[in-house]
1. Return yes when ALA113 is small (Gly, Ala, Ser), closer than 16 Å to LEU167 by Cβ and either open to solvent by 80 Å² or more (accessible area, probe 1.4 Å) or within 14 Å of the chain's Cα centre (by Cα) (or both) and no when it is not.
2. Would it be correct to say that LEU172 is modelled with pLDDT under 95 and part of a helix (DSSP H, G or I)?
3. Could you tell me whether ILE168 is open to solvent by less than 80 Å² (accessible area, probe 1.4 Å), among the aliphatic types (A, V, I, L, M) and in contact with a Gly (Cβ under 6 Å, 6 or more places away or on another chain)?
4. Which condition does ILE86 not pass, out of (1) touching a Lys or Arg at 6+ places or on another chain (Cβ under 9 Å); (2) among the hydrophobic types (A, V, I, L, M, F, W, C); (3) under 14 Å from LEU143 (Cβ atoms), if it passes all the others?
5. Which of the residues belonging to segment 120-161 are without any contact (Cβ under 8 Å) to a residue 12 or more places away in the chain, outside any helix (DSSP H, G or I) and either under 18 Å from TYR30 (Cα atoms) or not charged (D, E, K, R) (or both)?
6. Kindly check whether there is at least one residue in segment 150-161 that is surrounded by 15 or more Cβ atoms within 10 Å (Cβ to Cβ), touching a His at 6+ places or on another chain (Cβ under 9 Å) and over 21 Å from ALA17 (Cβ atoms).
7. How about segment 9-26: which of its residues are at pLDDT 90 or above and among the charged types (D, E, K, R)?
8. Within segment 1-34, restricting attention to residues that are touching a Leu at 6+ places or on another chain (Cβ under 8 Å) and outside any helix (DSSP H, G or I), which residue is most open to solvent (accessible area, probe 1.4 Å)?
Amino acid sequence: MPSPCDPEYAPVGDVGAALMMIDSRLKAVYDSKSGTDPVQQQMMEQFAASLGPAGIDALLTGTCTLIYMLVKWLRTACEEHGKDVIEYVVPALVASMRMMPKTFRPEVIPTMAGLLVAAGTGLSPSLWRAQHGRWTEAEMNPLEATAVLLAEHINRIAGDHDFATRLITEALSDSDGE
C-alpha cells in the first residue's frame, strides 16, 4: 500500500529558487566569508518578500524537494558501497547541526533530522512535514541550512564545490526535456 507521503503525491515547489538560495550560501561558505553578507542578506529578504505567501510556500516545498533529490543521490551512492544513507549521513549532519546553536536551536533539530530520514526512506520531506502543521518562523533558517549542509556534504564527497548544484541543475534540465 503506497504511503500518503510518497513523492508521487508531492508538489515539487520552486526548486529553481531554492537552488539559487542554497548555491548562494555555498558560494559564501567557499569564499570564506564569515557571517552573512549584509547586502546579500538584504537581497534574499527582498526576494522572499516579493514572493508573497504562495511563493514562500512554493520555496519551502522546493527546498524540501531539493533535500529529497540530494538525499536520493546520497542513498544511491551509499548503496553502491553497501552503506545505509540514514546510518551514514544523518548522524554526521545532526552533529553539524548541534555545533551551530545559533542556526539550529535544539528544538528544531528533530524536525530537520526527520526531513532527512523521510527522504532517506523514500518519502517526501514536504508531505512528511505537512503532517505536523504549517512551517514555523523558527524553522525557516534551519530548513535552508539543512539543505546547505546536505549540498556541502555531497560536494565534499565529490571533491567539487559545484557538484551538488550541477547535480540538481542537470536533473531539472532533464525534466524540462521530457
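1. On the way: small (Gly, Ala, Ser): yes; closer than 16 Å to LEU167 by Cβ: no; either open to solvent by 80 Å² or more (accessible area, probe 1.4 Å) or within 14 Å of the chain's Cα centre (by Cα) (or both): yes.
So ALA113 fails the test.
2. On the way: modelled with pLDDT under 95: yes; part of a helix (DSSP H, G or I): yes.
For LEU172, the condition - modelled with pLDDT under 95 and part of a helix (DSSP H, G or I) - is met.
3. On the way: open to solvent by less than 80 Å² (accessible area, probe 1.4 Å): yes; among the aliphatic types (A, V, I, L, M): yes; in contact with a Gly (Cβ under 6 Å, 6 or more places away or on another chain): no.
Considered against the rule, which asks whether it is open to solvent by less than 80 Å² (accessible area, probe 1.4 Å), among the aliphatic types (A, V, I, L, M) and in contact with a Gly (Cβ under 6 Å, 6 or more places away or on another chain), ILE168 comes out as no.
4. Checking ILE86 against (1) touching a Lys or Arg at 6+ places or on another chain (Cβ under 9 Å); (2) among the hydrophobic types (A, V, I, L, M, F, W, C); (3) under 14 Å from LEU143 (Cβ atoms), the one that fails is (3).
5. Within segment 120-161, GLY133, THR136, GLY159, ASP160 qualify.
6. no
7. ASP14, ASP23
8. PRO4
The values are calculated or read from the model by the stated rules, or taken from the named source; none is laboratory data. Predicted model, so just to flag it, every value in this text is computed and none were measured. Positions of Cβ are backbone-derived with ideal geometry, glycine not excepted, and every protein chain shown enters the neighbour counts. All accessible areas refer to the heavy atoms of the entire protein, side chains included, with ligands and DNA or RNA removed. Shrake-Rupley method; radii C 1.70, N 1.55, O 1.52, S 1.80 Å.
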